[in-house]
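The values are calculated or read from the model by the stated rules, or taken from the named source; none is laboratory data. No experiment lies behind these values; they were computed from the predicted model shown. Here the Cβ is made from the backbone with ideal geometry for all residues, glycine too, and neighbour counts use every protein chain on show.
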Amino acid sequence: MTGKYLFPADYMADPSVKVFGDRLYIYPSHDVDVAFTENDNGDCYNMRDYHVLSTDNVLEGEIVDHGCVLDIDQVEWANRQMWDCDCSEKNGKYYLYFPAKDYNDVFHIGVAVADKPEGPFIPMPAPMRGSYSIDICVLADGDKRYIYFGGIWGGQLQRYRDNLAIDNPHLPKEDEPALGPKVALLADDMLQFAEAPREIVILDENGEPMKHGDPRRFFEATWVHKYNGKYYLSWSTGDYHTICYGVGDSPYGPFTIKGEILKPMIGWTTHHSIVEYKGKWYLFYHDSQPSGGKSWLRSLKVAELHYDENGNIIPVDDGSYDNLKTYY
């Protein structure tokens, strides 16, 4: 099916979507128009607050905007660029995990807490210890919560090896294993890592770690969901502009590449989440068609998602791919 725009009243992107109770909640980043030009650091993505959207009918119901639930001025340590966030619940509390740059222009991950899934959220005074990079996903797996994060280029993942900052930030060579996203079990209080983050290995069809030169390699925007007992890791290829996925038997991976979910959209990135709601599966994502192709002014979209009899995700035919030649 063709993707449907969810919330045309404002520019929002990077939808992390969760089901709490009988409603579906969308936690997007909130795009703003800026004077910055596009660059590898992503300076044109200068978001400064978060809204929460919700609905009880994905394709036909009202999308409720619960308003601003967290502003960067409330976060003591954060200076700019509040990028993709995610929310998780435990023991009746709701935890919003978000990246932002501190006053040294280094990304860390903050936590804000609320009594309701729609907030408002109260931020902790400092970021999570040992946190870095961007693009948060939290998987609830039984009574455990796993946090996934990471992104290269402007996401700064190339600045780290083994969770330590390095003196010479660099990407791997084309024939070297690609950098992978990170995963860590969250502590019982949901405010810190319970362990040192581990790097996720994504394997190619031959069982070898995917190389940096492979156009399907990880760039940013990891999302993890479960289907029929398997763990599905999906991600944005960034400069290759697609969404790909792999399947594994553990929340830590490794994950074996299975294919492509979404072709390039209008705009530089495609950032997504996958969720089941009322017996149907949905892919949430964004593009920049309504803004005339401005990659920093994006609009939320949704399409129904289907699996084949072997558990493979059937690629989504958004309908926008054919329009790319109009913009580029």
message = Please go through the stretch 1-31 and give me each residue that is among the β-branched types (Val, Ile, Thr), exposed (fewer than 15 other Cβ atoms within 10 Å of the Cβ) and at pLDDT 90 or above, ordered by number.
response = VAL19
remark   = Of the residues in the stretch 276-325, those that are touching a residue at least 60 places away in the same chain (Cβ under 8 Å), assigned to a loop (DSSP other than H, G, I, E, B) and under 24 Å from GLY248 (Cβ atoms) number 1
note = In the stretch 57-97, residues that are surrounded by fewer than 21 Cβ atoms within 10 Å (Cβ to Cβ), touching a strand residue (DSSP E or B) at 6+ places or on another chain (Cβ under 7 Å) and of a type in the set (D, E, K, R) total 7
remark   = The number of residues in the stretch 145-179 that are assigned to a loop (DSSP other than H, G, I, E, B) and crowded, with 17+ Cβ neighbours inside 10 Å is 6
Tally, over the stretch 29-64, of residues that are more than 16 Å from ASN79 (Cβ to Cβ) and assigned to a loop (DSSP other than H, G, I, E, B) = 16
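If we keep just the residues of the stretch 150-209 that are among the basic types (Lys, Arg) and touching a strand residue (DSSP E or B) at 6+ places or on another chain (Cβ under 8 Å), which is farthest from ASP249 (Cα to Cα)?
Step one: filter the stretch 150-209 for residues among the basic types (Lys, Arg), giving 159, 161, 173, 182, 198.
The next check asks that each one be touching a strand residue (DSSP E or B) at 6+ places or on another chain (Cβ under 8 Å); those that pass are 159, 182, 198.
On the way: ARG159: 29, LYS182: 17, ARG198: 16 Å.
Out of the qualifying residues, it is ARG159.
Only one of GLY246, GLY213, GLY267 is touching a strand residue (DSSP E or B) at 6+ places or on another chain (Cβ under 7 Å) and at negative phi; which?
Values: GLY213 fails: touching a strand residue (DSSP E or B) at 6+ places or on another chain (Cβ under 7 Å); GLY267 fails: at negative phi.
Exactly one of GLY246, GLY213, GLY267 is touching a strand residue (DSSP E or B) at 6+ places or on another chain (Cβ under 7 Å) and at negative phi, namely GLY246.
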query = How many residues does the stretch 137-154 hold that are touching a helix residue (DSSP H, G or I) at 6+ places or on another chain (Cβ under 9 Å) and not aromatic (Phe, Trp, Tyr)?
reply = 3
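Please enumerate the residues belonging to the stretch 180-191 that are crowded, with 21+ Cβ neighbours inside 10 Å and assigned to a loop (DSSP other than H, G, I, E, B). Step through it out loud before you land on a result.
Within the stretch 180-191, the subset crowded, with 21+ Cβ neighbours inside 10 Å is 180-184, 186.
Matches in the stretch 180-191: GLY180, PRO181.
Within the group LYS226, LYS230, which residue is surrounded by fewer than 22 Cβ atoms within 10 Å (Cβ to Cβ), of a type in the set (Lys, Arg), at pLDDT 95 or above and within 25 Å of ASP56 (Cβ to Cβ)? Give the derivation first.
Numbers: LYS230 fails: within 25 Å of ASP56 (Cβ to Cβ).
LYS226 is the lone residue from the list that is surrounded by fewer than 22 Cβ atoms within 10 Å (Cβ to Cβ), of a type in the set (Lys, Arg), at pLDDT 95 or above and within 25 Å of ASP56 (Cβ to Cβ).
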inquiry  = Just to check your reading of the model, which residue among THR269, THR237 is under 16 Å from ALA221 (Cα atoms), at pLDDT 95 or above, of a type in the set (Ser, Thr, Tyr) and crowded, with 18+ Cβ neighbours inside 10 Å?
reply    = THR237
